[in-house]
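The values are calculated or read from the model by the stated rules, or taken from the named source; none is laboratory data. In this text, all values refer to a predicted model and were calculated from it rather than measured experimentally. Cβ: placed from backbone, ideal geometry, glycine included. Neighbour counts: every protein chain shown.
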Amino acid sequence: MSKKVNEQTEKLTINVNHVDLGKIDLLIENGFFSNRSDFIRTSIRNELNKNDKYLEEKIVSQSFVLGIAKYHKSDFEAYLKDNKLMEMKYIGLLWIDQEVSLEIMKQTVKSINVKGTVIASKEIKDYYGL
C-alpha cells in the first residue's frame, strides 16, 4: 500500500502550558496572527532567521544537502555499478523508495544522517538508526 506523503510539510505536535497558550490566543484575537499554526510557523521562522549564520556554517562545514531527495532502486544500482559508496547527509526530506532493498543499500551507502524527515522501509531505517 502506498503511503500519501506531503513533500512540503511535516505535522508536529507540541505541548504548551496554559498561560502561554492563553497569551497566543490573545495575540490571535487581536489580529497579530490568524491562528495558532500561523503563530507557531512565524515563531519558528524567526528563530531560524535569528540563527541563520550559525546554521549556514554548520550546513557547509558538515557538507549537508538541503531540500528534498528521492532515491529509486536505479539510483543505487548506478552507484553499485560504479563501485561507489556514499554518505548521505540531508537537511529536509530523504525519501528512499520502497522498492529499494536493504542489501543494495548496504553495498552502496556507508551512512545516513538526516535532520528532518526520512521515508524508507522500516528495515532500512532500523539498519541505519533512523
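Worth pointing out:
- Looking only at segment 6-42, and only at residues there that are under 25 Å from Gly67 (Cβ atoms), not hydroxyl-bearing (Ser, Thr, Tyr) and not in a helix (DSSP H, G or I), the one that is modelled with the highest pLDDT: Ile14
- Qualifying positions in segment 19-50 - of a type outside the set (Lys, Arg), under 21 Å from the mean Cα position of the chain (by Cα) and exposed (fewer than 11 other Cβ atoms within 10 Å of the Cβ): Ser37, Asn46, Glu47, Leu48, Asn49
- Qualifying residue in segment 70-81 (condition: farther than 25 Å from Leu130 by Cβ and either out of contact with any Asp or Glu (no Cβ under 9 Å at 6 or more places or on another chain) or not β-branched (Val, Ile, Thr) (or both)): yes
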